[in-house]
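The values are calculated or read from the model by the stated rules, or taken from the named source; none is laboratory data. The structure presented is a predicted model; accordingly, all values stated were derived computationally and were not measured. So basically every Cβ, Gly included, is an ideal-geometry build from the backbone, and we count neighbours across all protein chains shown. Remember, those area values only see protein heavy atoms, side chains included, never the ligands or the DNA or RNA. Shrake-Rupley method; radii C 1.70, N 1.55, O 1.52, S 1.80 Å.
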Amino acid sequence: SAHKGSNGDCTICTDKSYCIRKALIAVSGPCNDGYLCPSGSTIPNSPTQMCPSNYTCVAGIATSCLPNTYTFGAVLGAVSPANCMKCLPGKICLDRTRASDTCTMGSYCVDGVSSLCPAGSYCPSNAFIGLYCLYGYYASTQGKTACDACPAGKLCGGIGTVTYVDCPANMVCPGATTKALICENGQYPSGNTCINCDPGKWCWKSNANNIRGECNEGYICYSGADSPTPYTPSMKSSTDSGLQTYNGRAAKGCYTSASASGRMTVNTKCPIGTYMASNGATACIPCPPGYYCDTEGLYDINSKLCTGGFLC
């Protein structure tokens, strides 16, 4: 562990070298690569003096790994800068004694360098790239940990949206909208939703703003009518249930007209003294001679013949 100096005294074996036996006149040699040899070392590769993690050791000289690099785990005995690995994607190497720390949410980490997540994307923890906001979402600023839902009345129509745009005129954009919606036939836009066409009106989506017109006389437009002459497969009569809650021709025994109190929103029953045997009437007709019409909403007068001895 020592050698004889020029003045005849023994000297402790110098740092970075070793002295393998007694009575030496010079050190035995330099420390092996991958090891440290403190003063007084007797071998070049002591198991207790391996190069520490996050350093490389050549000829007993320890050199720190470059910034944002490290030796994997607790690897000892590194001999070359090639043994210093780049920081893992999604990790940040804050110093060489803490090899890889989690990249914080709102940032992404590449080669150990942390950067704010760019606008139009979001970054969970351990991100190594910003993740684009999906359709219907946006991120207007950097450093987002999650994308915001597109607000109602606005449109976020692509991935990676930074700024939403106004919903196009005469269309509907509910919250988290991926595309502007055209209201279906029988509906029209109101705020951020489509609602059924008003009673007595009809709506058609090919018209600007689904323009609503008034239903034709002889028809009833209860709600959501898509034509001024809406079709219903089953014709109704004044005695049927649901008499006022459908779209279609006026019921038998009833009529609709602009002059009626309910206009084209309800079936108006024929008054006493009149009747209507067909659907789609705009007015009722007087009871014919020889018959009597003694009830409202009459549509079948076959059983209403005057009896003998009476004049109708």
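What ranking do 305-312, 156-163 get when scored by the average of other Cβ atoms within 10 Å per residue, highest first?
156-163, 305-312
Given LYS205/LYS252; LYS144/LYS179; LYS205/LYS269; LYS91/LYS154; LYS91/LYS179; LYS269/LYS304, which pairs have Cα atoms separated by over 27 Å?
On the way: LYS205/LYS252 31 Å; LYS144/LYS179 23 Å; LYS205/LYS269 33 Å; LYS91/LYS154 37 Å; LYS91/LYS179 37 Å; LYS269/LYS304 18 Å.
Distance filter (> 27 Å) returns LYS205/LYS252; LYS205/LYS269; LYS91/LYS154; LYS91/LYS179.
³J(HN,Hα) across the range 245-255 via Karplus (A = 6.51, B = -1.76, C = 1.60, θ = phi - 60°), whole Hz, x for Gly/Pro?
Ordered by residue, 3J(HN,Hα) equals 10, 8, 10, x, 5, 4, 5, 4, x, 9, 8 Hz.
If amide hydrogens are placed 1.01 Å from N in the peptide plane, which non-local residues have theirs closer than 5 Å to the one on LYS252?
Those qualifying (amide H under 5 Å, at least 5 residues apart or on another chain) are LYS236, SER237, SER238.
How much of the accessible area of the chain, probe 1.4 Å, is carbon plus sulfur, in whole percent?
56 percent
Output the peptides 18-31, 105-118 sorted from most to least packed, where packing is the average of other Cβ atoms within 10 Å over each peptide's residues.
105-118, 18-31
Answer with a single label: of [x] 21.1; [y] 28.0; [z] 19.5, which was calculated as Kirkwood radius over Cα pairs in Å from the structure in view?
[y]
Enumerate the calculated ³J(HN,Hα) couplings along the range 131-138 in order (Karplus 6.51 cos²θ - 1.76 cosθ + 1.60, θ = phi - 60°), each rounded to whole Hz, writing x wherever the residue is Gly or Pro.
8, 4, 5, 7, 3, x, 9, 8
What is the extension gain from LEU116 to ASN185, computed as 0.36 nm multiplied by their sequence separation minus the C-alpha to C-alpha distance, in nm to one decimal? Don't skip to the end; give the middle numbers.
On the way: separation 69, 0.36 × 69 = 24.84 nm, distance 4.71 nm.
In short, 20.1 nm is gained.
In Å², and per residue, what accessible area does the range 85-229 have when probed at 1.4 Å with the other protein chains present?
That works out to 52 Å² per residue.
Taking a spot 7 Å from the Cα of THR307 along the direction of its beta carbon, which residues of the range 238-282 have an amide N less than 20 Å from it?
273
Mean separation of Cα pairs under 8 Å and 6+ residues apart, divided by the residue count of the chain: what relative contact order is that in percent?
7 percent
Binned at 10 Å from 0, what are the whole-percent values of the Cα-Cα distance distribution for the range 81-194, short to long?
The percentages, shortest bin first, are 16, 31, 21, 15, 10, 5, 2, 0.
From Cα pairs below 8 angstrom and at least 6 apart in sequence, can you work out the relative contact order of the range 235-312, rounded to a whole percent?
Value for the range 235-312: 28 percent.
Accessible surface of ARG263 in the full protein assembly, 1.4 angstrom probe, to the nearest 10 Å²?
Number for this one is 90 Å².
From largest accessible area down, sort LEU66, LEU155, LEU131; use a 1.4 Å probe on the protein chains.
LEU66, LEU131, LEU155
Taking θ as phi - 60°, what are the ³J(HN,Hα) couplings along the range 227-232 by the Karplus curve (6.51, -1.76, 1.60), each to the nearest whole Hz, with x for Gly and Pro?
7, x, 10, x, 9, 10
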